[in-house]
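Every number here is computed from the coordinates shown, using simple stated rules; none is lab data. Everything numeric in this text was worked out from a predicted model, so none of it was measured. Please note: Cβ atoms are built from the backbone with ideal geometry, for glycine as well, and neighbour counts cover all protein chains shown.
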Amino acid sequence: MSVTHPDFAEAPALREILPAAKSRTAFGKLFRRYPTVVFGGALLLVMLFIAVAAPLLATVDPTALAPAKRLRAPSAIYWFGTDMLGRDIYSRVMYGSRVSLAVGFSVAVIASVVGTFIGVVAGFVRGLDAVIMRVMDGLMSIPPILLAIALMALTRGSVGNVIVAISLAEFPRVSRLVRGVVLSLREQPYVEAAIASGTRVPKIIWRHILPNTLAPLMVQATYICASAMITESILSFIGAGTPPTIPSWGNIMAEGRALWQVKPYIVFFPAAFLSATVLAVNLLGDGMRDALDPRLAKRL
C-alpha cells in the first residue's frame, strides 16, 4: 500500500513554478554573459514602443499651435514645456522618435543590402574589383554629412529623401567590409572545391559566402543605424532634413537653440531621447560583436 507524501499534493503548482524559475535563471545567465546586449536591447525596445505608441502617449496634436501658451516651463500639464509657437514639446518628442527610428532602420537595411551586393560582386569578379573599389573610395573620401547635405540641396526636404541621401553616404563602407570577407572566403578549401566541382557561382555565393558575412554585417548595421539617426538630426538641425511640419528631434532642437540660455528644456529633452536611442543601438552592436566573435566569446 503506497502512501503519498503530503508535499506531492502541490506538484502541479511546482510544475508551473519550475519553468518560470528556469527562464529567470536563463535570463540571469544571459545578462551576466552579455550585459550590453540585454541592456541595449531593452532600451531600444522602450524607444520602439514609444515610436509605435506615439499617438497613444502624446497628450495633444504635436503640430497644434497655441501662441497664448508659448514658452511654458515643464509642468503637470505640459510635461516637457512648450516651444515658441506654443506646441507641446512632449508630444513632439514622442512623434519625433518615429522619424529618427524610421530613418535609422531604413538606412541600415538599404545600406546593408546595396553594400552587400556591391561587395560580393567586387570580391568575386576580379575584373570589376578595381573599378568598383575606386568608386567606393571616392565616395568614402567625402564626409557622410557633407555628401548628405549636397544631395539634400538637390531635392526637397522629406523623410524619404533623407533616407536616400544618408544611404548613399553609408553603403560604400558596407561594400568594403563585405568585399574583404569575400576575398578571404574565396580562398577557403571548401569554396575552391565547390568551384572545381562545377557549382554555379550564384549557388556558391548563396550557400557559402552570404552566411559567413551575416555576423560582421549585423554588427556593422547597428553602427550604421546609430550614425544615420545622428546624421538625420544634424540635417534637420541645420534645416536640410525633414520639413518643420514633421516633428523630429533635430528640428525640435533647432527651434530651441536661440533660447538655450533661458529655456534649455526645449533642446534638452529631444537631445536626451536621441542620446538614449543612439546609446541603445551602440550597446546592442558592441554586445553582438562580442557574442559573434569566437575569440572574444572564449574570454567571456
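Calculate, in nm to one decimal, what Thr155 and Arg200 gain on full extension: separation in residues at 0.36 nm each, minus their alpha carbon distance.
Here the segment from Thr155 to Arg200 would lengthen by 12.0 nm.
Calculated from DSSP H runs of 4 or more alone, at -39500 (n - 2.57) each and per residue, what is the 222 nm mean residue ellipticity of the chain, nearest 500?
Helices in the chain give a 222 nm mean residue ellipticity of -24000 deg cm²/dmol.
Highest GNM mean-square fluctuation, the chain, Cα pairs closer than 10 Å: which of Ser233, Ser112, Ser75?
Maximum among the listed residues: Ser75.
Please state the shape class of the chain: rounded when a/c is under 1.5, otherwise prolate if a/b exceeds b/c and oblate if not, all from the C-alpha gyration tensor.
Cα axes put the chain in the oblate bin.
How do the peptides 92-98, 261-267 rank, highest first, by the average count of neighbouring beta carbon atoms within 10 Å per residue?
Final packing ranking: 92-98, 261-267.
For segment 52-112 and segment 166-218, what is the separation of their C-alpha centers, rounded to whole Å?
If we compute the Cα centre of each part, the gap is 42 Å.
Shape of segment 134-260 from its Cα gyration tensor (a ≥ b ≥ c, root eigenvalues): rounded if a/c is under 1.5, otherwise prolate when a/b > b/c, or oblate?
prolate
Highest first, please rank the peptides 44-52, 78-86 by the mean number of other Cβ atoms sitting within 10 Å of their residues.
Per-residue Cβ counts within 10 Å, averaged per peptide and sorted highest first, yield 78-86, 44-52.
Which residue, Gly104, Gly250, Gly198, tops the fluctuation ranking in a GNM of the chain built on C-alpha contacts under 10 Å?
The residue that fluctuates most here is Gly198.
For Ala68 and Phe117, calculate 0.36 nm times their separation in residues minus their Cα-Cα distance, and state this gained length in nm to one decimal.
Contour length minus the Cα-Cα distance gives 12.2 nm.
Which one, Thr213, Ser197, Ala228, projects farthest toward the positive side of the charge dipole computed for segment 127-237 from Cβ point charges (K/R +1, D/E -1)?
Ser197
Relative contact order, percent, of the chain when contacts are C-alpha pairs under 8 Å separated by at least 6 residues?
The normalised contact order for the chain reaches 24 percent.
Please list 273-285, 199-211, 147-159 highest first by mean number of surrounding beta-carbon atoms within 10 Å per residue.
Highest mean packing first, the order is 273-285, 147-159, 199-211.
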